[in-house]
Amino acid sequence: MRAFRLPGRLVSLMLLANILPAAAHDLSGDPAGTNYDRSAKPPTNILVNFSFAAANATNHGAAMATLFQPFAPKVQTHWDDRFFYIESDGMPAHPLMVGITAWQQQVPLPQTYTGNNAWQLPLQPQVAVQPISAKTHFFRGAIAIAVNGVPIFNPIKNDGITDTYLAGELDNYGGHSGRADDYHYHIAPLHLQKYVGSNNPVAFALDGYPIYGLTEPDGAPASGLDEFNGHTTPELGYHYHATKTYPYLNGGFHGVVTERGGQVDPQPRAQPLRPATYPLPGATITGFKAEPDGISYTLTYEIGGEKAMVHYLKNAGAVDFDFTDTSGRTVTRHYATGFHDGGRDENPPPRDRPEGNRPPRDPNRQPWLKVHAKEMDANRDGTLTREEFIAEVNRVFAAYDQNQDGKLTADEYGGPPVRSPMGGYIKQHYRELLDETGVITKASLMKEAMRMFDKSDLNHDGKLTPDETALPPGYKATPPGNPGENPPPR
Ligand SMILES: [Zn+2]
Ligand SMILES: [Zn+2]
């Protein structure tokens with residue numbers, strides 16, 4: 001079946017899109033068109049209603065493929081007797097990241113969800129004997145895949161509590177970038193109805209059942225949904241629906257899936273190219289642009305009304321970053337091919353590797369205090385004394401502590417940044433500094449500061465001399481707002 005054009009319908013869709021108001025975190029994305037990249041992928045076909053009940057075993061694959069067709073050639077599909085495969089780079093055509101108010105400093109990087117690392121769906125979903133809820137399972141990895149090749153994760157993030165949408169972690173299209181700089185949605189991408197029609201699924205749960213929009217294909221309300229947002233109708237058989245509140249999409253799996261390591265298995269892996277980053281309190285993402293060169297991107301954000309940006313380029317498995325802070329200063333970082341985050345999924349390197357073969361230690365992984373000692377050396381004599389450091393901790397604490405009650409609450413440590421190394425340290429490491437009641441006390445900050453000091457003060461004379469704070473050759477200054485140092489151990 002060939003795609004065919006219906007210009008009249010197309011025009012009316014675009015007109016409709018242009019009169020709808022833009023609203024931050026509207027579930028339907030940003031339909032006003034002001035920052036939607038229409039050049040990337042205009043709809044080329046209007047699809048017939050997709051129905052699992054009507055599709056028989058021989059045309060399932062072909063029927064599913066028509067839903068992904070509007071996003072070809074960026075998104076490719078194929079199928080065999082058992083599975084339907086989806087290949088993509090996980091980068092949608094719309095402006096990513098804009099609207100995020102709780103940012104982890106991750107950015108979208110193209111992924112290689114191809115070949116053995118493609119997404120797969122069972123061609124014939126099987127009803128599970130024991131359906132599994134996503135309220136208590138699957139906090140890692142994807143639970144669904146959108147028809148534009150972007151994975152969809154559990155709306156609840158891996159702490160098992162936080163609703164990413166309500167927490168401000170998602171952009172105007174319901175997505176953000178994860179720890180591997182992998183873009184994904186956390187709610188149903190209803191904005192894709194522009195491409196597939198409101199009578200068709202916008203995604204598939206990884207058990208193979210389709211996820212429709214807020215209504216049935218004929219516009220009637222979806223009624224009698226089960227706890228997973230699914231139900232059975234004569235026309236469509238079992239299917240899920242999107243909702244405007246939790247669970248937003250399939251809240252579990254009516255069909256058979258395999259759970260391994262807290263996620264649906266198998267599923268593709270995203271490839272991290274740098275260590276995972278930290279939250280940047282107070283930042284709001286205001287812009288994202290894929291540059292015409294096809295390999296670089298610019299993300300702009302604001303903190304306290306001041307602009308900052310990240311420009312980055314991915315080429316042949318390496319990535320270069322230019323971080324420009326609110327004062328206009330730019331710092332660059334390069335991450336080469338072969339980076340491993342050393343995280344839970346990686347095998348540790350063998351311990352008995354001969355010295356000569358060992359890759360050089362990354363000179364940029366240096367203790368925070370060593371990196372910033374000079375800046376806190378108040379009398380500029382080259383030595384940071386314990387007294388100078390304590391004075392700096394006291395000064396910065398007082399600057400954040402607006403009501404001077406001796407503790408920093410979220411609105412204080414998340415408020416306007418104190419522009420100093422210790423000011424930045426508190427912003428980046430606030431989570432490790434919080435006590436059981438969720439505040440940073442002067443005592444907990446001082447305790448951590450003194451622990452760092454004593455660790456660097458090798459001869460325990462109460463001062464950090466130049467030999468104790470010397471940085472190795474090859475060390476590059478770290479970009480503001482991006483931690484390159486070792487976070488303090490717990
Ligand atoms: Zn996420
Ligand atoms: Zn329905």
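Bear in mind these aren't lab numbers, they're just calculated from the coordinates by the rules spelled out. Small disclaimer: the values here were computed from a predicted structure and weren't measured. Glycine also receives a Cβ, built like all others from the backbone with ideal geometry; neighbour counts cover every protein chain displayed.
Here are the numbers for this structure:
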| item | result |
| --- | --- |
| Potential lengthening between residue 394 and residue 459 on full extension [0.36 nm per residue; Cα-Cα distance subtracted] | 20.9 nm |
| Relative contact order %, the range 368-469, counting alpha carbon pairs below 8 Å whose residues are six or more apart | 33 |
| Alpha carbon convex hull of the range 162-274, projected area averaged over orientations, nm² | 8.2 |
| Potential lengthening between residue 442 and residue 410 on full extension [0.36 nm per residue; Cα-Cα distance subtracted] | 10.1 nm |
| Cross-link pairs beyond the 27 Å C-alpha cut-off, checked among 407/455; 135/194; 427/463; 307/476; 157/442 | 135/194; 157/442 |
| Alpha carbon centroid spacing (whole Å) that separates the range 239-302 from the range 145-214 | 8 |
| Neighbour-count ranking [beta-carbon atoms within 10 angstrom, fewest first] of 145, 426, 161 | 161, 426, 145 |
| Simple spin-label estimate for residue 215 and residue 130 in nanometres, 7 Å along Cα-Cβ | 4.0 |
| Label-point gap, in nm, between residue 116 and residue 293 - each point 7 angstrom along Cα→Cβ | 3.3 |
| Per-pair calculated FRET efficiency, R0 = 41 Å: residue 80 and residue 477 via Cβ, rounded to 0.05 | 0.20 |
